[in-house]
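What follows draws every value from the coordinates through simple rules; no lab data is involved. Because the structure is a prediction, the values reported are computed rather than measured. Here the Cβ is made from the backbone with ideal geometry for all residues, glycine too, and neighbour counts use every protein chain on show.
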Amino acid sequence: MEMSKKQIIKLINKLNDVDYDVRKNVENILIKQDEQSIDPLINALEHENPEIQLQAAQILGKIGDKKALDPLLESLRNENPEFRREVTLAISKIIDKNP
């Protein structure tokens with residue numbers, strides 16, 4: 001099922017939902033959308049909410065598309081050490097999927 005960019009952005013904004021099941025379902029949907037969700041997830045790396053930034057990095061790593069590498073590398077400048085750790089993990093997952 002294809003989704004519009006607007007629908008994907010609405011989903012991304014639910015990545016900080018208090019309910020774990022909601023967050024997990026949103027993650028699964030975004031991963032299934034693959035290429036369609038990459039650009040909105042890249043934009044979410046600079047979201048005002050740190051939890052959404054973190055989740056976006058994790059999902060980009062799970063998708064594994066090389067297009068996310070440069071934006072993730074740029075995100076290493078973020079001051080949040082937890083976010084930088086997740087970005088580093090995402091980068092390594094992408095590199096592993098694209099030898």
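In terms of the ratio Rg/(2.2 N^0.38 Å) built on C-alpha atoms, what value belongs to the chain?
Against the compact-globule rule of thumb, the ratio is 0.98.
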Item to complete: With a 10 Å radius around each residue's Cβ, average the other Cβ atoms per peptide and rank 48-57, 34-43, highest first.
Response: 48-57, 34-43
Item to complete: Note down the magnitude of the dipole of the chain about its Cα centre, charges +1 on Lys and Arg C-beta and -1 on Asp and Glu C-beta and zero elsewhere, to the nearest 20 debye.
Response: 200
